[in-house]
Amino acid sequence: MNFPLASLDSEVLRHLNYSLGHHSKTVNHSYVYRAFAIAVRDRLVSNWLKTQERMNASDSRRVYYLSLEFLIGRSFSNAVHNLELGDAARVVAHDYGVSLEELAEQEHDAGLGNGGLGRLAACFLDSCANLELPVVGYGIRYEYGMFHQHIENGRQVEDPDHWLRDGNTWEIERPEDARRIRFYGNTTQSIDADGDIRQVLIDTHDVLAIPFDMPIPGFKNSTVNTLRLWKATATDVFDLEEFNSGSYTEAVASKNSAEQITMVLYPNDASENGKELRLKQQYFLVSASLQDVMASWVKKHGEDFTGFAEKNCFQLNDTHPACAVPELMRLLIDQYGKSWDDAWAVTTSCMAYTNHTLLPEALERWSVRLFGKLLPRLLEIIYEINRRFLKTVAEQYPGDIELQRRVSLIEEGHDPQIRMAYLSIVGSYSVNGVAQLHTDLLTAGLFSDFYKMWPGKFNNKTNGVTQRRWLAHCNPELKDLLNETIGDQWQKDLSNIKKLESSAEDAEFRVRWREVKHVNKQALAKYVNENAGVEFDPSFLFDVQVKRIHEYKRQLLNVLHCVHLYDRILAGDTQGMTPRCVLIGGKAAPGYHLAKLIVKLINDVASVVNSEPKAKDWLRIVFFPNYRVSAMEVICPGTDLSEQISTAGKEASGTGNMKFMMNGALTIGTLDGANIEIREKAGAENFFLFGLDAAEVKKTRENYRPNEIIAADPEIRRVMELVESGHFNQSEPGIFDILTRGLRDAQDQWLTIADFRSYIDAQKRVSSVYQDQEQWSRQSIINVANSGWFSSDRTIGQYADEIWKAKKL
Ligand code: 26Q
């Protein structure tokens, strides 16, 4: 089936008239955007349906990527790019007196994620469509995405993000595929038709899950994959009949409590423990998605699930969807009457788990009490999984009671907890980390007991990002230069970018390289001015750190370096200094007070420095508000220096580091996460390394004396004294004491002071290389030429071959 489409201009006009009810060409940009978006979407639809047919016809294993987060950002510009409609769309937009970029800006970001983990899921979907793999994303259609951040008196203020307020062109509601999700209730036994005893749940509170499908277009291929997002609604059609007429209004009002479940994304990028609503979200996603997959299996194969695992696989994006393990068991046993052993064989052959954290405190745990109240049957199943698992442990390691206690899925105590990571490991056939160091540290540390039991389960899949969004689309100037120099195959397969390397020695090419960067820096300077009212000078070095605000990511170290530069400027010590514009952006979790205080410090240091006349020629600092996907699309092309300065052994991978590398920034960083691989690929001479490595961090903690380091280093001492004197917070004395006390504390987890001298020295090397623009350009080109490994196409290729065993459609 091919739906005939007229030319883009007449389609846009038709949608403006008939879909949106406007007649004039002078209508506002928001309507023009929507007419365009519908016209572009129409171009996806027939390929979307064809891809579904191909998927149904193919006998490849299918993959379901289960994630509480998909940080999609904007879809319009991405679809235009992947369909190669840019030139046509530009011309038509011109007729409406608007640029394509202005139109694209009408779209609200789909901010359905916190940060790295959510954006990774979105890059993965793009790569799966590019590689034509049969992968479906399953997530939640949050009414409110990641909060909007604005700054008042230097402090973060959160506002709700009602991203759907102008409608969403990129979704199709499919009420016919609604699923029923059952919460609370009690388990009892009953005899089924065959005379077998079955566990049944009674007196449950039910909610409906309604799917909304979003198209995920491949690049220059006819593949359009699906992201299916679930929305919760009340089961009113069923329940209202049962209710007597007196409770009619109450029944209608109960719609509200059902819809709560998908109302808002939890804005914590480390676990926020114990919130019942969060557990409801997790189970809601998992149960709806599993029922969906199993219903289509049954339609085709009947209730025989013996071949199910060979043809289906679920990738768990962290432990957030870990209920998939006991829920699949429940469905197989209670719904389809399978034996425990058969159900367990199926489950443990089709679940795969990705871990994204090294912070032990961020491993998810649920109180047994709360879990058992909300999901009583699942708790029974988890206990049975644990009983059988501990039995095999006891057989394998007789007498090792301590081991049994350590690996138990239940952490005993006055309020026993379910260890979701352990449940995921026991229930999966694959467990992976997201960078080599991360995987090594997991198998040697957090998960070492499990690694000893099942070494073959563990594997590494270093993260990647999609070069379509993060290079071709966001940096059209660089795209054009690359295409002209090495052809355009790199968009399909980024390993081709290696061909660029020889151009590093071409002086004329380097001039053009700098011209591209300059244009991008001008665009970033304009964006910074519009959004934060600070003037950035494109002749300065643009030094950028954007990511969630966290102690371990050490935005504090960056600020301390800014204070050090400011101190030197005031002292007239600008010998060898390079003028810099420092940009820091990111959101703090609303309940994470220290992170919010770091935001305040950045803003207060920025306002003092920016209003100091002596600093004007040397240093500008901005806290960029409301950092998000669409902001990164402007920020990364204009960045010279990428700050990746986490305490070694804490950042699982990082993915912003890869986006900056692809756009020609050099990295200053620690030996943490994927930084290590970036440095290996780019060459140590093209990376500004500083700080302790993970092993040294561990060792240093044993005998850490930050006060001695501060006392012994006059530059560091002055920085501390400046901050402690209240110089940056004269009207609010004492507010930063908790931060400076933390820095001086021997128990400081993040060892900021331990790495400060090394960081200052590395920043000096940055300054001096930057002053040799030819050298800087060479190193920048070499970084881009070696960024091929960090394409999410490479990552997904490895998932498909090594974990999923999925074949191209
Ligand atoms: C958990 C429970 C309750 C509420 C929220 C959460 C929650 C939500 C999001 C916990 C963690 C996250 C997100 C974690 C995350 O983004 N981790 C990052 O994942 C990236 C992709 O693998 C890595 O590159 C980063 O190193 C890692 O920090």
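The values are calculated or read from the model by the stated rules, or taken from the named source; none is laboratory data. Remember, predicted model here, so these are calculated numbers, not experimental data. Glycine gets a Cβ as well: all are built from the backbone with ideal geometry, and neighbour counts include every protein chain shown. Accessible surface areas use protein heavy atoms only, side chains included; no ligands, DNA or RNA. Shrake-Rupley method; radii C 1.70, N 1.55, O 1.52, S 1.80 Å.
Some notes on this structure:
- Degrees separating the helix 116-130 axis from the principal Cα axis of the chain, which is the longest one: 70
- Computed on segment 542-604, the Cα convex hull volume stands at 79 Å³ per residue.
- Remark: segment 453-466, residue by residue, has Karplus-estimated 3J(HN,Hα) of 6, 9, x, x, 6, 8, 7, 9, 9, 4, 4, x, 9, 7 Hz, where x stands for each Gly or Pro and the curve is 6.51 cos²θ - 1.76 cosθ + 1.60 at θ = phi - 60°.
- Reducing segment 775-806 and segment 244-312 to their Cα centroids gives an inter-centroid distance of 35 Å.
- Distance between segment 1-39 and segment 478-528 - C-alpha centres, whole angstrom: 35
- Overall form of segment 13-160 per C-alpha gyration tensor (a/c, 1.5; a/b vs b/c): oblate
- Simple rule: put +1 on each Lys or Arg Cβ and -1 on each Asp or Glu Cβ in the chain, find the dipole, and look at 661, 91, 27; the Cα lying farthest toward the positive end is 661.
- Rg over Rh for segment 258-334 works out to 1.03, using Cα positions for both radii and the Kirkwood form for Rh.
- Filtered chymotrypsin sites (Phe, Trp or Tyr not before Pro), segment 412-461: DSSP coil and at most 10 other beta carbons within 10 Å: none
- Taking all Cα pairs closer than 8 Å and separated by 6 or more residues, the relative contact order of the chain comes to 14 percent.
- Evaluated with a Cβ-only charge set (Lys, Arg +1; Asp, Glu -1), segment 371-417 carries a dipole of roughly 180 debye about its Cα centre, given to the nearest 20.
- Per-selection Kirkwood Rh - segment 418-483 (Cα, Å, 1 d.p.): 14.1
- Compactness index (Cα Rg / 2.2 N^0.38 Å), segment 610-686: 1.26
- Prolate/oblate/rounded call for segment 740-781, Cα gyration tensor, a/c under 1.5 rounded: prolate
- Selection from 133, 144, 163 lying farthest towards where the dipole of segment 87-165 points positive, charges on Cβ: 133
- Net charge of the neighbourhood of residue 524, taken over other residues with C-beta under 13 Å away and scored Lys/Arg +1, Asp/Glu -1, is -3.
- Count Lys and Arg as plus one, Asp and Glu as minus one, and take only other residues whose Cβ is under 14 Å from that of residue 84; the net charge is then +4.
- If R0 is taken as 56 Å, the Cβ-Cβ distance between residue 594 and residue 7 corresponds to a FRET efficiency of 0.50.
- The amide H of residue 619, built 1.01 Å from its N in the peptide plane, has 580 as neighbours under 5 Å, considering only residues 5 or more places off or on other chains.
- Segment 177-205 and segment 595-616: distance between their alpha carbon centers, rounded to Å: 59
- Most positive-pole-ward Cα, 686, 407, 589, against dipole of the chain from beta carbon charges: 686
- Cα-based shape type of segment 403-546, given that a ≥ b ≥ c are square roots of the gyration tensor eigenvalues and the cut on a/c is 1.5: prolate
- Förster-model FRET efficiency, 51 Å R0, residue 24 and residue 498, C-beta, rounded to 0.05: 0.50
- Neighbours of residue 657 by Cβ distance under 12 Å: Lys/Arg scored +1, Asp/Glu scored -1, total +1.
- Compared with the alpha-carbon gap, the fully stretched path from residue 58 to residue 412 is longer by 122.7 nm at 0.36 nm per residue.
- Our analysis of segment 657-757 gives Rg over Rh at 1.06, with the two radii drawn from alpha carbon positions and Rh computed by the Kirkwood formula.
- Rg ratio (alpha-carbon, reference 2.2 N^0.38 Å) - segment 404-452: 1.23
- Nearest 10 degrees, 0 to 90: helix 752-771 Cα axis against the chain principal axis: 60
- Convex hull volume per residue for the chain, taking Cα atoms only, in Å³: 183
- Percentage relative contact order, segment 448-520, counting C-alpha pairs under 8 Å, at least six apart: 21
- Relative to the dominant Cα principal axis of the chain, helix 555-570 is inclined by about 10°.
- Surface/4 of the Cα convex hull for segment 263-418, nm²: 10.4
- Restriction of the trypsin sites (Lys or Arg not before Pro) in segment 148-181 to DSSP coil positions whose beta-carbon has at most 16 other beta-carbons within 10 angstrom yields 165.
- Lys, Arg +1 and Asp, Glu -1 on Cβ, resulting dipole of the chain about Cα centre, debye, nearest 20: 680
- Between residue 296 and residue 700, the FRET efficiency from the beta-carbon distance, with R0 = 51 Å, is close to 0.40.
- Applying 0.36 nm per residue to the separation of residue 395 and residue 505 and subtracting their alpha-carbon distance, the gain on full extension is 33.3 nm.
- Student exercise, segment 592-657 dipole from Lys, Arg, Asp, Glu Cβ charges, in Debye to nearest 20: 220
- Taking only protein heavy atoms and a 1.4 Å probe, the accessible area of the chain is 50% carbon and sulfur.
- Report summary: the helix-based calculation at 222 nm, which adds -39500 (n - 2.57) for every DSSP H run with n ≥ 4 and divides by the residues of the chain, gives -14000 deg cm²/dmol.
- Rg over Rh for segment 172-307 works out to 1.03, both radii taken from alpha-carbon positions and Rh defined as the Kirkwood radius.
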